[in-house]
Each structure stands twice: as C-alpha cells, then as structure tokens.
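These notes concern the structure reproduced below.
The values are calculated or read from the model by the stated rules, or taken from the named source; none is laboratory data. Keep in mind the model is a prediction, meaning the values are calculated, not measured. No Cβ is skipped: glycine too gets one built from the backbone with ideal geometry, and neighbour counts run over all protein chains shown. Ligands, DNA and RNA are stripped out before the accessible areas are found, and what is left, the full protein with its side chains, is counted by its heavy atoms. Shrake-Rupley method; radii C 1.70, N 1.55, O 1.52, S 1.80 Å.
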Amino acid sequence: MAEPFVFHFRRGENSAPEVMYMVDLYCRCGLCRHDQYQRFYHATAFHSFTLAVFNRLVDEAHQKADYECENCGTMVGADHVLKVAVTYGFVDDAGIVRGYLDRESGKRRYQLVARRRLDPQEMPHWEPDPELGTSLDTISEQSVDELLDRPFNAKLAWIDVVDDWLEDPEGGAYARIAPGFWIVVDASEDAANELTAEIEDAQFADGKEHGDLMIVALSESVPEDLATHAQPQSMAGRWQTWLPQHIVEALLEQRIWADAYMSRSAAVETIKRTFDTANLSYSVDVTDADVFFSQITTPGEGVYGRGLSVSSVLRRAVFTGLTPGEAARLTAEEIVGVLLRVWK
Ligand SMILES: [Zn+2]
C-alpha cells in the first residue's frame, strides 16, 4: 500500500510555519464515570519549538478536553482528564518524542523512539511501551541528542557551538549536529576552512571526498532563489530573530566565521520522498554544484511556477536554524500545499 501523505506543517500568522503534534486525553465522565478518549491534532510555532515548549504542551494538554459524555450527555472537561499523552515526530525522520502525564499522581514519563515517523492513525498509548525502548522520568537536550541523534531545536546547537568558541577561541570549535550536518566556527573563513582538516569523522570525510557536502556561511546564508519565498531575507526564522545579540554583533562585525557543512544527497532524498508520496511528478537536473527540481506537477497537471534548487533549501536550513532534513521537508511541503491548494 502506498504511504499516505501527511502534512506536518501549516501556515500560521505572517506565513510562519506551524508544526503538527498530537494530543491524546484519557477522560472519565464526572457523573456516570464513563471513560472516553479524545484526540487533537494541533500545531505550534515551528521556529520557536523547544523542549521547554514541549513540556508546557504536556502540562497544559488537559485544558483541551471538551465534549458531551457519550453515555449520559454531561459535559466532560479539563477536570475529568486522568491521563495525557503528547506526541511530536521530528519532520526529518529522526524519531518521535512522547510525553506522558498521569494527572492523579502528577508523574511524567517520556519515551524517545529513533527513526520512527509520527503516525496520525496510531492507537493512543498512556504509558511508555517497553518494546520501543527505554523510558525516561525526565527529558533533557542531552537525552534527545543521545537517543535521536539531533538537537530538539537546531537553533540552540548553533548558539552552543558559537558560544563555545567565544569562550575559548583557541583552536576553533566544531560539532556534528545531526547526520549529514556539521557546524564549524573560527575567527575567519580561512581559519574555519583549515579547521575542517581536524574533523575525524568518517561520514564527514566521505561526504567531502565525494563532493556531497555543501558549505554555507551563516552570515551569507540568505536563500536568494528559494522558490517558496519572494522575500527570503525577511522570512520567518531568520537568524537575526533568534541568535543572542552578542552573537549577531560578532557576525556583523566579522569577528567570527561560522560555516555549516551539509549533505546534499540527504536533502535530495527528502524532497523526492515528499513529492513522491504527494503523487507529484518532476524533473531532476544534477550538476557538480547543485541539484535542481523543475516541472513539479500534480496528477491533474497543475504545475508549480518555479523550480527548486537544493542549494537554496540548504541555505534556508542555515539561515533559519533548521536541520537540513527539516528545511527540505518544510520547503517541499510548502510546494505540495500550494499545488494541492491546501495552502492559499
Ligand atoms: Zn457520563
């Protein structure tokens, strides 16, 4: 059976993307004690979505309960919620994170499952499933990184690497952020280039050797030719809006040079899979420096007006602090959304 197309994003205020998460509530009628589940597919601002926000969603989820008891017709609300489960699936397929709250005991549990996609049709779970791996009593940036091999929000990873360098500039700073994604920071472009010789990472060496890694400087990352945005320099999530002031100043005064190294082929695969599951056809042109999607067309022969370059998608990842996989999925979904008229 063909994989169904699931929209992870929707357009929020000022065209800023919102990302979907799933809330399940286990409720018991206050009058007749009849049990029912209620599920919500809600969306939250994508660029500012952090672990702290996720925890707040878990804490506040019960307030969404609102229905008439199937058995006696009494209104069921927040006070009648016994258990809560909130599920978020990283759109780059790194995995899912699930937060559980037992409202009677106040006890929280978490489960992180690597390389699993959000399944909107999955039956609700009310506690971690031991078959899927370890459960946690608390969740931290570190546990997300260890179990899912990515940061919860890549913006915080940028800030971490740059702050590391500012504290101790000697020898530069670099880090692998997620599969196919590295950040390198030093005092100048040349110093940052030289620093990459020190990165002992087979994936990095392999990507470099085969010409698969694209280098994008943070300070020069505006995705000028991004097909989905007429004015990319002012798009939602640009680094000027979330980097701390001391880093913005260091970048503008060119006291610091920050590069991202990203796998082109991983982004290409994500874009292809998104278009394929949406039943779109397209042409792909590959050059040494870029990969270009054009003639992106629906089965009803609606054609997207512009072509999509993978380099612009990777620039978007840097410019707006996303993982390359997130930028690829978001951009491809924006095109699908416009072509299928889900997004106006
Ligand atoms: Zn009832």
Worksheet item: Put a dot 7 Å past each Cα toward the Cβ at Thr277 and Ser234; how far apart are the dots in nm?
Response: 3.4
Fill in: Set of lysines with alpha-carbon distance to Lys208 below 28 Å, sequence-local pairs under 8 removed
Lys155, Lys272
Fill in: Solvent-accessible surface (1.4 angstrom probe) belonging to His42, in square angstrom, nearest 10
60
Practice prompt. Could you state how much accessible area Ser263 has, in square angstrom rounded to the nearest 10, with a 1.4 Å probe and all protein chains kept in place?
Written response: 10
Discussion item. What is the percent carbon and sulfur in the accessible area of the chain, measuring with a 1.4 Å probe over the protein chains and ignoring ligands?
Written reply: 46
Worksheet, complete the sentence: Within the set Glu334, Glu131, Glu141, GNM on the chain using Cα springs under 10 Å gives the largest fluctuation to Glu131
Discussion item. Could you check the spin-label model distance between Met75 and Trp126? Points 7 Å from the Cα along Cα→Cβ, value in nm.
Written reply: 2.5
Discussion item. What is the distance in Å between the Cα centroid of region 259-300 and that of region 1-69?
Written reply: 30
Fill in: Within the chain, helix-based [θ] at 222 nm, where runs of 4 or more DSSP H residues each add -39,500 (n - 2.57), nearest 500
-8500 deg cm²/dmol
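With the other protein chains left in place, how much accessible area per residue, in square angstrom, belongs to region 1-84 at a 1.4 angstrom probe?
On the way: 4430 Å² over 84 residues.
Computed with neighbouring chains in place, this is 53 Å² per residue.
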Worksheet item: Which cysteines does the chain leave without a neighbouring Cys Cβ under 4.7 Å?
Response: Cys27
Practice prompt. Can you send over the solvent-accessible area of His80, 1.4 Å probe, protein chains only, in Å² to the nearest 10?
Written response: 50
Practice prompt. Select from Asp93, Asp164, Asp212 the residue whose mean-square fluctuation is largest in a Gaussian network model of the chain (Cα-Cα springs shorter than 10 Å).
Written response: Asp164
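Order Tyr261, Tyr174 by their accessible area, 1.4 angstrom probe, all chains in place, largest first. Before the final figure, lay out each step's value.
Working: Tyr261 5, Tyr174 95 Å².
I get Tyr174, Tyr261, largest accessible area first.
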Discussion item. Using the basic label-point model (7 angstrom from Cα toward the beta carbon), what is the Asp149 to Arg341 distance in nanometres?
Written reply: 4.2
Response to the item:
the chain, Gaussian network, Cα under 10 Å: of Pro151, Pro223, Pro120, the residue fluctuating most is Pro120
